[in-house]
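Report on the following structure.
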Amino acid sequence: RSGRSPRRVSKALREGRVSATDLCRKCLQRIRETHYLNAYISVTEELAMQQAERRRKLRLLRGYTFMWEPRGILDGVPFSVKDNFCTQGVETTCASLMLKGYTPPFNATVVQKLLDQGAVLLGKTNLDEFAMGSGSTDSSFGPVRNPWSEAVTGGRSSTELGSDWAIAGGSSGGSAAAVASLSCYLSLGSDTGGSTRNPGALCGVVALKPTYGVLSRHGLIPLVNSMDVPGILTRRVCDAAIVLDILRGPDERDSTTVPSPALDCALTEELDLTRITVGIPQVTDWFQDAGQEVVVSSALAGTAGGLPSDLFPWR
């Protein structure tokens with residue numbers, strides 16, 4: 001499991017235990033293996049391999065000179081981008097036939113920041129058309145399937161699912177499904193009213209909507225300009241913090257961005273839940289009068305899944 005973290009993969013790349021090209025090939029193979037999820041609208045295989053080969057060759061210089069340094073912690077790490085972010089030379093459709101064939105002449109700021117780190121772009125992920133939706137079922141290129149569909153439908157294989165599958169959430173369902181299915185190490189989504197957090201919850205990955213203005217919206221095709229925020233999807237909280245620290249900051253091309261303090265990304269990667277104390281508020285008369293006691297208890301009991309039973313005696 002630790003090998004699925006960008007932080008661990010970055011260390012392996014720096015130490016030469018894996019090459020950027022091998023890592024890229026494995027992710028591309030995983031995309032092919034999980035194609036039935038329909039998480040990607042387009043896969044930039046040729047571009048990704050070119051970027052990975054460039055990173056590999058630069059890393060080889062380490063054996064000949066002390067002048068080479070990795071661009072950043074994401075140098076050589078594969079990522080994907082929701083298809084409503086502009087990507088230079090790569091088709092951007094917003095999951096709509098109206099934009100099919102549109103190739104932006106520039107990168108969205110957040111995409112460019114990842115590329116500047118040396119990260120490798122695998123492709124553009126599926127979404128509700130123009131990000132209007134909450135299930136990733138309203139795409140011109142077909143719906144996104146939740147990677148956990150097999151678990152919720154009795155363990156049947158992907159070829160047997162037919163129309164019996166679980167939604168991935170939306171509108172950033174493709175990004176969440178890509179991260180959850182291990183075809184990339186991180187993905188960019190967008191969030192207006194839950195479009196990153198909703199699919200993150202349904203696909204079981206970490207989904208972060210930064211405060212408006214912390215990340216640049218330049219190059220993000222808008223749904224609601226005054227509410228849209230680039231979102232981050234990863235498999236670990238510490239990785240989301242790392243990506244946020246890379247992407248944050250003012251952008252002269254987006255007047256709504258503001259300076260933000262540097263983040264302390266030294267979050268623990270292993271958390272012993274048996275040492276965590278959970279505070280549970282007492283149900284007040286107001287809740288009881290409103291008939292909410294059962295709802296609150298049920299919600300907390302569901303949250304307690306997998307935790308020691310003595311922490312939650314009502315289960």
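The values are calculated or read from the model by the stated rules, or taken from the named source; none is laboratory data. Only a predicted model underlies this, so the values are computations on that prediction, with no experimental measurement involved. Glycine gets a Cβ as well: all are built from the backbone with ideal geometry, and neighbour counts include every protein chain shown. Only protein heavy atoms, including side chains, enter the accessible area calculation; ligands, DNA and RNA are left aside. Shrake-Rupley method; radii C 1.70, N 1.55, O 1.52, S 1.80 Å.
Quick look at the values:
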| quantity | calculated |
| --- | --- |
| Net charge of neighbours whose Cβ lies under 15 Å from the Cβ of ALA207, counting Lys and Arg as +1 and Asp and Glu as -1 | +3 |
| Accessible area expressed per residue, the range 176-260, with surrounding protein chains retained (probe 1.4 Å, Å²) | 34 Å² |
| Net charge over other residues, Cβ less than 14 angstrom from the Cβ of CYS94 (K, R count +1; D, E count -1) | -3 |
| Kirkwood hydrodynamic radius (C-alpha pairs) into Stokes-Einstein, the range 116-265, 20 °C and 1.002 mPa s, D in µm²/s | 136 µm²/s |
